[in-house]
1. For the modelled label position 7 Å from the Cα of Asp93 along Cα-to-Cβ, which residues of the range 286-329 have backbone nitrogen atoms closer than 15 Å?
2. Hey, can you grab everything whose amide H is under 5 Å from the amide H of Lys229? Only 5+ residues off in sequence or another chain; H modelled, so Pro and N-termini drop out.
3. Please give the solvent-accessible surface of Met97 in Å², to the nearest 10, using a probe radius of 1.4 Å with every protein chain present.
4. If I compute Cα Rg over 2.2 N^0.38 Å from the structure I just sent, which labelled value in (1) 1.07; (2) 0.97; (3) 1.16 lines up?
5. Could you let me know the centre-to-centre spacing of the range 279-316 and the range 65-130, using Cα atoms, in angstrom?
6. From Cα pairs below 8 angstrom and at least 6 apart in sequence, can you work out the relative contact order of the range 278-416, rounded to a whole percent?
7. From largest accessible area down, sort Asp338, Asp128; use a 1.4 Å probe on the protein chains.
8. Taking only C-alpha pairs under 8 Å that are 6+ residues apart, what is the relative contact order of the chain in percent?
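The values are calculated or read from the model by the stated rules, or taken from the named source; none is laboratory data. All values derive from a computational prediction rather than experimental measurement. Cβ placement follows ideal geometry from the backbone for every residue including glycine, while neighbour counts extend to all protein chains displayed. Just so you know, the surface numbers come from the protein's heavy atoms only, side chains and all, with ligands and any DNA or RNA stripped out. Shrake-Rupley method; radii C 1.70, N 1.55, O 1.52, S 1.80 Å.
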Amino acid sequence: MKIKKAVKAFAAVMTVCVITSAMCSCTKKTSIGSTETITWYMPKAVDNITGQEAVMKEVNEYIKDKIGVTLDLKLIDKGNYSEKINVMFSAGDYFDMCMLTSNSSYVRYARDGLLVEVSDLLDKYGKDIQAKNTDLAWDMVRVDGKLYSVKNQGTYSIAKAIVFKKDLVEKYNFDYKNVKCLADLEPYLKIIKENEPNIVPMYHETEEKVDPNYIDFGAGIVFNEKEDKFQCIFDTDYYVNTWKTKYDFYHKGYIAKDAISISDPLTEKKSGKYAVMNTSGFYTEDGSKSSAQYGFPCVESFTGNTPVTTTSGARTCISSTSKSPEKAMELLNLIWADDYLSNTLAYGVEGVNYTIDEARTKEIGSKSVIPQTGNAQTWGIWHNYIGPLWDQWDSGWNRKESLEYMQEINASAPKSKTAGFNFDTEPVKAAYAKSTAAINTCASVFNIGCMDDFDSYFKSAKEELIKSDFNKVLVEINKQYSDWKKNK
């Protein structure tokens, strides 16, 4: 009896083992054939974006075969993006990658342990990224000597311009090329105001000529290159004089009376109802970039290059909550390595979101695309949101010549004395938050010029900034900058 029981018990155990083995075998096969999904957050480049399902189908069929992953691209409205990302980091939400443009937020997330330090991942899975990015690019995203992001290729020094509707400058024979600052615009704005009742003379975000001696660090802080120190924005002639000009233009009717309520700048400028606007992102001598962006012929007048700073441009980060940081880096590297993949993400599906211009293709020896532009554009992700800017196909967005010019500017532009410096706001966290809130309250009013009386509003706004403990912030950033210079 004991022998029979033992045999039965052994048989039962063997049955369980066989079943378990079979289950394990099945599980392994499923695992081998499985596909990981990488979640990536970035702001929308196109406000009225549609057709994402078709674009992602094209992308995912491609990358699934290449590296066994699929991409879940989360596109957030620009106006809500920073807040959304901040909430996700604060809540410890799971996601793999995100794009960041705010250097102060990036540094804070890195120091709080919310981002993956990517040096080892780059060595293992990011060889193409390493080969294509410059030493300067890596220096721009170091935090305390470590890398917590991949610096996206971009215009580290931005060529600024004032943009004009081409039909109007031709109609009034206006010499737009000699416009170098806002004050130079006044004769033209007056003509438009008096003769074009359906046109607003100037969009309020049109910028003053670049003064490379001043860099806005936010929260009311400006770095003065000549004096090699940080100071209050209200104590800089450059910003104050710009605000006074906007005030003058607004009360002369050159800026829209309802400018303060505009919530969608790109759609507003695409409307074609403004004679003068700010650049679409980077100056092009023939106006091609702005023409493609806004959807009607434009011309541009160059107003200067910004100095290279640590705060310049977008970067791609991997969240510390990512379950697959290796696969996230592998996907990012594939995008940098494969121009078909990066351009499909950017331009969309051929024949739907863009077409090929065969004549130009044969001429330059590479794909030359005509993407949707203006209000017809329903898909688009700017290449510098994704990472590799220079590998894009020649197109109506960025001609080959424009891309070469951008790289020349990057190589020749002067570096700010602050390049590489990161302000740690933690010691003055409360004061910094109050200063940021104080300057945000009045920034739009100054940028538009819509206050009733400039002097009284200026005095009040400055007092509110000082009351927010701004001086504590100013002392701290200058102290950190001084220490950084000594240890650099």
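1. Answer for the range 286-329: 319-322.
2. Asn224
3. It works out to around 0 Å².
4. Answer label, from the structure shown: (3).
5. Here the answer is 26 Å between Cα centres.
6. 28 percent
7. Correct descending sequence by accessible area is Asp128, Asp338.
8. Once normalised by length, the contact order is 22 percent.
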